[in-house]
1. Mind checking which helices (runs of 4 or more DSSP H) fall wholly inside the stretch A:138-250 and carry at least 1 residues that are aromatic (Phe, Trp, Tyr) and farther than 25 Å from residue A:8 by Cβ?
2. Report yes if some residue within the stretch A:91-109 is without any contact (Cβ under 8 Å) to a residue 40 or more places away in the chain, crowded, with 21+ Cβ neighbours inside 10 Å, of a type in the set (Ser, Thr, Tyr) and not in a strand (DSSP E or B); otherwise report no.
3. Every residue in the stretch A:55-67 that is in a helix (DSSP H, G or I), modelled with pLDDT under 90 and not polar (S, T, N, Q), please.
4. Among helices (runs of 4 or more DSSP H) lying entirely in the stretch B:239-297, which contain 3 or more residues that are aromatic (Phe, Trp, Tyr) and within 19 Å of residue A:107 (Cα to Cα)?
5. Restricting attention to the stretch A:118-137, and to residues there that are touching a residue at least 24 places away in the same chain (Cβ under 8 Å) and assigned to a loop (DSSP other than H, G, I, E, B), which single residue is farthest from the other protein chains (Cβ to nearest Cβ)?
6. Give the residue that is surrounded by the fewest Cβ atoms within 10 Å (Cβ to Cβ), with candidates limited to residues of the stretch A:132-146 that are among the hydrophobic types (A, V, I, L, M, F, W, C) and in contact with a helix residue (DSSP H, G or I) (Cβ under 6 Å, 6 or more places away or on another chain).
7. Among the residues of the stretch A:235-249, which ones are more than 15 Å from residue A:220 (Cβ to Cβ) and either of a type in the set (Ser, Thr, Tyr) or within 14 Å of chain B (Cβ to nearest Cβ) (or both)?
8. Just to be sure, is residue B:44 of a type in the set (Ser, Thr, Tyr), under 24 Å from residue B:226 (Cβ atoms) and within 22 Å of the chain's Cα centre (by Cα)?
Amino acid sequence: MTDLILQAVYSGLLQGGSYALIALGLALVFGAMKVINLAHGELVLLAAYIAYTVESKLGWNPIMAIPAAVIIVTITSALLYFVVGKIKTNREINSLTLTYGVGVILTNLVLMIWSADVRATSSSWMQEAFVVGELYSMRSEVLFFGVSIVLIVALWWWLSRSWYGRAVRAVSSNRDAAKLMGINPGKTELVSFIVAGILAAFAGVALFSYGVITPAYGGVLTVKAFIITVLAGIGSIPGVLIGAVLLGIAESLTVTLASSALQELAGMGLFLLVLFVMPNGLFGAARRRG
Amino acid sequence: MKINKLLIAALLAVYILVPVLLGGDAYVMSLVIASLIIGGIALSWALLGNLGGMVSFGHAAFFGVGAYTSAVLSMQYGLPIFLGLLMGGVGAVLSAVLMLPVLRLRGPYFALAILAYAHIFRILATEWESVTGGSAGIASIPQLPTVFGYDFASKTGNYLVILTIVLVFAWIYDRIRRSPHGLALRAMHDSEDATRVVGVNNTLLKALMLLVSAFMCGVVGAFNAHYINFLEPDYAFSALWVTIPIVAAIFGGYRTITGPLVGAVVVYLVDQLFVKNIMPTGHQLVLGLVLVVMIIASPDGLLGLFRKFMRKKDAAA
């Protein structure tokens with residue numbers, strides 16, 4: 001039993017890497033623009049299906065899809081920014097309905113192009129066993145966990161050291177003051193959408209490499225990313241990573257100890273618990289209660 | 001009194017003319033009934049959005065819970081079906097009570113949390129097999145009964161019932177909007193803090209709006225269950241029950257009472273009669289497109305756009 005639990009914790013930890021990338025994208029855009037992008041999960045899904053196409057049509061390893069996925073998803077994300085920017089009144093509420101609509105469009109595009117069938121990688125290189133002591137995983141899981149950590153560190157460096165990264169943080173914390181310091185908020189918002197798109201592209205390729213994808217999965221991913229930001233609280237990168245790992249572990253433990261059908265309920269349970277006990281998240285400072 | 005005459009004429013038209021003219025055509029009647037079902041959900045969604053200031057992506061939960069409540073109560077406990085419809089609303093209210101903690105969250109967080117909540121109920125319906133029949137669903141749910149010799153299970157009977165439900169809801173919505181609470185709710189749009197200072201209990205009012213909205217959506221869901229006689233979790237909690245009503249409400253104008261109803265009829269009929277023929281898979285893409293275009297061009301709906309246009313014309317004259 002103990003080794004089963006250890007195995008579940010390990011799998012959950014690895015899953016947490018991609019979850020963190022998705023949640024960071026959602027949090028970044030929300031921070032910079034105060035817009036919750038309900039189509040964010042669909043961006044991830046788009047990348048996953050690009051990986052599927054590269055594998056099934058060209059016969060390449062899904063990793064080779066990363067450049068194409070990054071380009072296409074980033075362009076889609078940037079387009080989304082321009083559409084959201086067109087909203088004239090009541091942006092906080094209207095952007096929700098708008099991005100929900102974009103999510104519906106993307107889901108149905110995926111459905112039309114790739115059909116409703118469940119897809120998974122057939123690359124044996126990706127599915128090769130990777131054993132650490134007693135713990136088992138697929139090679140792709142470990143590989144993409146490593147990629148996620150590298151990306152998260154890069155993101156942290158970018159936010160704390162680079163001009164644009166610091167501009168994103170400045171706009172997040174005080175838009176007017178940032179303007180007075182000579183930061184163009186519009187440009188900064190666009191940058192946040194682009195970075196979120198890049199993170200989503202990597203996460204999408206990762207999800208395809210070790211999991212199964214369906215057109216309806218996008219909405220589920222958005223909810224998961226949201227649960228993670230609730231767990232983490234806004235404004236903490238390590239918090240998001242820990243929240244993502246917690247969600248991953250909670251899910252894989254539920255699958256091991258109960259049933260795979262209850263997997264989504266695990267995340268919800270965690271979410272409710274945090275909401276009641278620590279409404280500002282485990283690490284966040286910002287107030288979410290109204 | 002001109003308006004009252006108009007209202008009576010409109011009521012006579014929908015209650016008598018529509019069944020007399022279209023009643024013979026089962027296909028047309030089924031389209032009309034379906035668009036009224038969408039209209040009912042759209043109305044409940046718009047009530048929450050307009051009066052409560054909350055965008056909900058979780059109305060599929062209320063719809064599904066209402067449907068299951070009425071189906072289970074009427075089949076396993078022999079509850080009369082018209083009572084079952086009411087209980088469907090009550091069931092949805094109970095599920096909304098579970099959502100109340102979410103009200104503590106601010107705008108965008110509320111929207112996402114309620115979206116997440118909707119998933120829970122779908123999973124529960126799938127897993128709680130002893131009551132809901134699991135993913136196989138419930139078949140042969142009883143139809144609406146025959147009362148005083150009138151068969152409500154016929155197409156025209158179903159039409160009259162859902163029409164009455166929707167009209168009663170519209171009337172309730174109107175009463176709430178005109179009441180002092182409606183005034184407070186509208187004031188809350190401008191400043192929550194200001195209304196709190198003058199002694200309005202914001203959270204209580206918002207909670208009440210959520211419950212009223214859930215009740216309406218639950219009753220419509222219950223009606224739908226007895227109308228199509230079949231339920232399964234993926235159908236009852238489908239995202240479609242959120243998407244089409246949102247598009248309808250935004251299209252018609254969610255700040256009005258007629259907007260969501262008119263929007264539902266237009267959006268549903270166009271979707272079913274034209275779009276679905278052109279693109280059998282993924283026809284919802286057009287719904288998403290309509291939503292995006294409406295939010296950018298005229299977030300107050302076509303009626304709002306029309307009014308703006310009239311005002312410009314007045315100003316020019």
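1. In the stretch A:138-250, A:139-161, A:163-173, A:185-210 are the helices (runs of 4 or more DSSP H) which contain 1 or more residues that are aromatic (Phe, Trp, Tyr) and farther than 25 Å from residue A:8 by Cβ.
2. Taking every residue of the stretch A:91-109 in turn, at least one turns out to be without any contact (Cβ under 8 Å) to a residue 40 or more places away in the chain, crowded, with 21+ Cβ neighbours inside 10 Å, of a type in the set (Ser, Thr, Tyr) and not in a strand (DSSP E or B).
3. Correct list: A:55, A:57, A:58, A:62, A:63, A:64, A:65, A:66.
4. Once the helices (runs of 4 or more DSSP H) in the stretch B:239-297 are filtered for at least 3 residues that are aromatic (Phe, Trp, Tyr) and within 19 Å of residue A:107 (Cα to Cα), nothing remains.
5. In this case the residue turns out to be A:134.
6. A:135
7. Within the stretch A:235-249, just A:236 meets the criteria.
8. So residue B:44 passes the test.
The values are calculated or read from the model by the stated rules, or taken from the named source; none is laboratory data. A quick note: this is a predicted structure, and the numbers were derived from the prediction, not measured. Cβ sites come from the backbone with ideal geometry, for glycine too, and all protein chains shown count toward neighbours.
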